[in-house]
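Structure first, then comments.
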Amino acid sequence: MIARVWGVCLAGLLAAGALGCGGGQSPPADDDGPVVVGFSQVGTESAWQVANTESIREAAAAAGVRLEVRDGMQKQEQQIADIRAFLGSGVDVIVLSPVVESGWDAVLQDAKDAGTPVILVDRTVDTTDTSLYVTALGSDFVAEGRTAGEWLVEQYREADGPVRIVEIEGTTGAASTNGRLKGFAEAVAVDPDLQVIASRDGGFTREQGARVMAGFLKKYDDIDVVFAHNDEEGLGAVDAIEAVRKRPGTDIKIITVDATRAGLTALAQGKLNYVVECNPLLGPQLMELVEQVAAGQTPPRRVLTTETAFDQESARAALPGRKY
Ligand code: GYE
């Protein structure tokens with residue numbers, strides 16, 4: 001393995017002009033046969049995750065990459081076991097979408113020691129040693145939260161008096177949760193009338209989102225706005241609001257993130273008010289990065305996806321072409 005790795009490193013250096021091989025992570029060995037990628041995915045809790053896995057599977061097939069996907073079931077221990085299994089079977093590249101940000105150093109160090117490069121996709125890790133992964137592809141979650149908050153600031157620009165907001169967070173500790181919390185808080189801070197009165201983990205699922213919202217509705221009778229960290233949670237909030245005979249989108253405004261078909265449909269129907277896009281179709285960009293790493297090149301450290309946001313009118317226009 002060591003000899004093969006060094007051989008490829010040298011080839012990579014010659015081909016790419018002094019790039020690669022830094023930080024102890026070497027490009028995969030050789031040679032004849034396809035590049036083998038082990039992908040540790042967060043889970044299947046949302047349409048976003050399902051579309052993301054599908055996009056990566058399709059792009060791998062098109063690129064002639066042999067892909068093994070393991071479902072982490074939203075559990076860090078499962079993902080760590082899956083990464084160790086990939087290392088045991090000697091994959092060329094590991095792709096990881098980490099359920100939470102912290103606690104990855106030991107297993108990533110093992111990957112580094114084994115000479116297996118790691119690419120992060122979607123969510124990121126919080127580590128002081130950035131040589132533990134080669135590159136990170138995904139969304140700017142802080143920007144997503146900020147976009148949601150800025151829309152709200154605009155909506156209430158002329159209004160007087162407090163606006164009471166509840167937040168249904170994504171999985172506690174996930175990069176997408178932390179970023180959205182931060183960006184939203186920063187944006188609404190410009191208007192002291194905009195008050196986040198409660199914020200709880202909705203686990204990125206419709207069921208938990210509904211449970212959390214039902215709890216908020218019992219506790220507070222004057223909620224103006226919900227910021228849900230994904231469409232599933234927002235749709236769960238719709239269920240809970242309808243269950244107490246209020247009108248989602250009218251009596252209580254709802255903002256979500258993702259812009260899946262189900263999210264945009266509810267937006268077009270007036271049950272949601274604003275949806276920030278988070279693009280799951282990362283497969284083609286990911287395979288470009290895999291190919292660069294496999295060729296011994298050093299890709300950019302951070303690759304961001306381009307995203308937009310929808311109101312009720314633009315959702316109606318976008319829906320017919322929506323893929324996920
Ligand atoms: O928004 C949510 C999912 O990390 C961007 O995870 C991802 C998030 C996405 O379950 O629907």
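General remarks:
- Of the residues Glu291, Glu307, the single one that is within 18 Å of the chain's Cα centre (by Cα) and of a type in the set (Asp, Glu) is Glu307.
- Some residue of region 272-282 being in contact with a Gly (Cβ under 8 Å, 6 or more places away or on another chain) and open to solvent by 70 Å² or more (accessible area, probe 1.4 Å): no
- Counting only strands (runs of 3 or more DSSP E) that sit wholly inside region 150-239, those with at least 2 residues that are of a type in the set (D, E, K, R) are 163-169, 194-201.
- The helices (runs of 4 or more DSSP H) found wholly in region 46-142 and carrying at least 1 residues that are within 16 Å of the ligand (Cβ to nearest atom) and touching a residue at least 60 places away in the same chain (Cβ under 8 Å) occupy 47-63.
- Residue check for Ala148: farther than 15 Å from Ser40 by Cα and surrounded by fewer than 22 Cβ atoms within 10 Å (Cβ to Cβ): no
- Here Gly270, Gly249 are screened, and the one residue that is on the phi > 0 side of the Ramachandran plot, in contact with a Lys or Arg (Cβ under 6 Å, 6 or more places away or on another chain) and outside the structural domain of Ser46 (by TED's automatic domain parsing) is Gly249.
- Options Gln74, Gln78, Gln41; residue that is surrounded by fewer than 23 Cβ atoms within 10 Å (Cβ to Cβ), touching an Asp or Glu at 6+ places or on another chain (Cβ under 7 Å), assigned by TED's automatic domain parsing to the domain that holds Pro284 and at pLDDT 95 or above: Gln74
- The listed residue being open to solvent by 10 Å² or more (accessible area, probe 1.4 Å), in the same structural domain as Gln41 (by TED's automatic domain parsing) and farther than 19 Å from Trp151 by Cβ, out of Ala210, Ala198, Ala294, Ala262: Ala294
- Odd one out for Ala317 among (1) away from the ligand (no atom under 15 Å from the Cβ); (2) closer than 26 Å to Val91 by Cβ; (3) open to solvent by 50 Å² or more (accessible area, probe 1.4 Å); (4) part of a helix (DSSP H, G or I): (2)
- Residue under evaluation Gln285, criteria (1) assigned by TED's automatic domain parsing to the domain that holds Gln41; (2) open to solvent by less than 50 Å² (accessible area, probe 1.4 Å); (3) touching a strand residue (DSSP E or B) at 6+ places or on another chain (Cβ under 8 Å); (4) part of a helix (DSSP H, G or I), criterion not met: (2)
- Top-ranked residue of region 242-265 - restricted to ones that are closer than 16 Å to Thr205 by Cα and part of a helix (DSSP H, G or I), ranked as nearest to the ligand (Cβ to nearest atom): Gly263
The values are calculated or read from the model by the stated rules, or taken from the named source; none is laboratory data. Nothing here was measured: the structure is a model prediction, and the numbers come from that model. Backbone-built Cβ (ideal geometry, glycine too); neighbour counts: all protein chains shown. Areas reflect the complete protein model, heavy atoms only, side chains present, ligands, DNA and RNA absent. Shrake-Rupley method; radii C 1.70, N 1.55, O 1.52, S 1.80 Å.
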